[in-house]
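Working notes, beginning with the structure itself.
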Amino acid sequence: MSSEAPRVVVCGAGVIGASIAYHLALRGVASTVVERSEVACAASGKSGGFLALDWCDSSPLGPLARASYAMHAELARRIDIDYGYRQVTTFGVAARAAGGIGADNGDAGAAWLDGACTVYARLGGTDTTAQVHPRRFTRALMDEAQRLGATLVTGCVEGVEVTGAPPSVRGVRVDGAEMPADAVVIAMGPWTDSACAWLPLPRVDGLKGFSVTLEPTAPVPAQALFVDYVDAHGERLSPEIFARPDGQVYLCGLSDDQPLPDDPAGVSVDADATAMLARIAGHLSSAMGAGRVLKRNACYRPICADALPIMGQVPGVAGAFVASGHNCWGILNAPASGAAIAELITAGESTRVDLRPFTPARFSAAAASPVGRGATRPLPG
Ligand SMILES: Cc1cc2nc3c(=O)[nH]c(=O)nc-3n(C[C@H](O)[C@H](O)[C@H](O)COP(=O)(O)OP(=O)(O)OC[C@H]3O[C@@H](n4cnc5c(N)ncnc54)[C@H](O)[C@@H]3O)c2cc1C
């Protein structure tokens, strides 16, 4: 790379691509972000937006999560856009479709949970758990990046152009035309898998999850719920419920094995799965049960064989970088991931976060498949 600011193309405007563009802009690099559909059109716009300080402590994600959690508080102060950041209290809740379980949850501070359910644990307080509205957060990062000089281009990345020996990046192919670049970052969430045809990258799978957003009939406190739910057939489900500052309530936690469609706009919603989520909401609280369902959604979280992100330099191709595979913690981990990749591109190394556990080079050819799936989010303790 020359001593002038490198021409950086970021592929994908999910939360990871937007955070990289924002942090590059803070470092004086005005990147070009290429997005096939819309900013936050996929998981980054349809996820829970739950943040936890210490829930990843027992995994290599721990330091990344702690750094990101602190950065979320800092970003909410620094960025002059309201994207629904707030601290929340988080409970573990047991619920049964068949009833036979229930308590006065008022003692726990959750009197609004007046259905067949019991608060059995306090999983986090306002010092350790928080939330953002993920679509608004992603858009805020992208808006800020653009305000600081980044350019957003609508187009489909179809390949990476590489030249020379040893190979180095010359540009990306976007809708049939070459866009010159000194550095390219693949941040296409589960669609990063298509980049395996362009660069030596490990496989990234997409795990589909459903969600429902509803408007309760009474205000709901700033709480997040991780529910152990046994349905009428005895099947155990793990829905997650996040009350949002705009008065709406978001539920997710049901997944299925449908393959990732080629086009992010082609993700289908399953009526049975979303109806089930709405039913569970009704089992827990009359305010949710009588509420109006506003949105039914589906999206795919990106996941690698060991369920950890791939972040760093693509082995053997100068100027090629990847940031994907953030699994169920991409909204939480976007700030430090973006800062680390921006530092790696501009300064040659990441001092803020140790990226070694996430190097894409950790997978041997044999380990590159099959892809593992961490279907549920690990709870603390
Ligand atoms: C149901 C659900 C709930 C979740 N809840 C939480 C939570 O509470 N907290 C948390 O921290 N995380 C949560 N997650 C995880 C989080 O949403 C993801 O880890 C994160 O959104 C991944 O972001 P990304 O930018 O890597 O990918 P994506 O959001 O998938 O973005 C990738 C972008 O790349 C674009 N793209 C794809 N191919 C191309 C191409 N060829 N050219 C140009 N652009 C392209 C897509 O259009 C898309 O905009 C949840 C995930 C799911 C599914």
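The values are calculated or read from the model by the stated rules, or taken from the named source; none is laboratory data. What you see is a predicted model; the values in this text were computed from it and never measured. Cβ atoms come from the backbone with ideal geometry, glycine included; neighbour counts cover every protein chain shown. Note: areas computed on protein heavy atoms with side chains; ligands, DNA, RNA excluded. Shrake-Rupley method; radii C 1.70, N 1.55, O 1.52, S 1.80 Å.
Observations
- Of everything listed in (1) within 30 Å of the chain's Cα centre (by Cα); (2) at pLDDT below 95, the single unmet condition for GLY99 is (1).
- The set of residues in the stretch 197-211 that are within 13 Å of the ligand (Cβ to nearest atom), out of contact with any Leu (no Cβ under 8 Å at 6 or more places or on another chain) and open to solvent by 40 Å² or more (accessible area, probe 1.4 Å) comprises ALA197, TRP198.
- Taken as a whole, the structure places VAL185 among residues that are out of contact with any Pro (no Cβ under 9 Å at 6 or more places or on another chain) and within 14 Å of the ligand (Cβ to nearest atom).
- Number of the exception - ASP228 against (1) away from the ligand (no atom under 12 Å from the Cβ); (2) farther than 30 Å from GLY291 by Cα: (2)
- Considering residues of the stretch 113-146 that are touching a strand residue (DSSP E or B) at 6+ places or on another chain (Cβ under 8 Å) and closer than 28 Å to GLY12 by Cβ only, the residue most open to solvent (accessible area, probe 1.4 Å): GLN146
- The sole residue among GLY106, GLY149 that is part of a loop (DSSP other than H, G, I, E, B), away from the ligand (no atom under 14 Å from the Cβ), open to solvent by 20 Å² or more (accessible area, probe 1.4 Å) and not charged (D, E, K, R) is GLY149.
- For the stretch 66-82, the criterion of being open to solvent by 10 Å² or more (accessible area, probe 1.4 Å), modelled with pLDDT of 95 or more, in a strand (DSSP E or B) and in the same structural domain as ARG36 (by TED's automatic domain parsing) is met by none of the residues.
- The condition (being within 16 Å of the ligand (Cβ to nearest atom), of a type outside the set (Asp, Glu) and in contact with a Cys (Cβ under 9 Å, 6 or more places away or on another chain)) is satisfied by just one residue among VAL132, VAL174: VAL174.
- Subset of the stretch 12-45 that is on the phi > 0 side of the Ramachandran plot and near the ligand (Cβ under 7 Å from one of its atoms) - its residue that is surrounded by the fewest Cβ atoms within 10 Å (Cβ to Cβ): ALA40
- Test: residue in the stretch 87-96 that is surrounded by fewer than 20 Cβ atoms within 10 Å (Cβ to Cβ), of a type outside the set (A, V, I, L, M), modelled with pLDDT of 95 or more and touching a Phe, Trp or Tyr at 6+ places or on another chain (Cβ under 7 Å): yes
- Boolean, MET179 is among the aliphatic types (A, V, I, L, M), within 19 Å of VAL15 (Cα to Cα), open to solvent by 10 Å² or more (accessible area, probe 1.4 Å) and assigned by TED's automatic domain parsing to the domain that holds ARG136: no
- Within the stretch 83-103, the residues that satisfy the criterion of being of a type in the set (Ser, Thr, Tyr) and part of a strand (DSSP E or B) are THR89, THR90.
- Residue tally, condition closer than 16 Å to ALA145 by Cβ and outside any strand (DSSP E or B), over the stretch 7-57: 25
- Every condition in (1) closer than 24 Å to GLY155 by Cβ; (2) open to solvent by 50 Å² or more (accessible area, probe 1.4 Å); (3) more than 12 Å from the ligand (Cβ to nearest atom) is met by ALA347 except one, and the failing one is (1).
- The set of residues from the stretch 153-171 being within 15 Å of the ligand (Cβ to nearest atom) and crowded, with 20+ Cβ neighbours inside 10 Å comprises VAL157, VAL160, GLY171.
- Leading residue by the ranking (surrounded by the most Cβ atoms within 10 Å (Cβ to Cβ)) among those in the stretch 212-240 that are charged (D, E, K, R) and touching a residue at least 40 places away in the same chain (Cβ under 8 Å): GLU240
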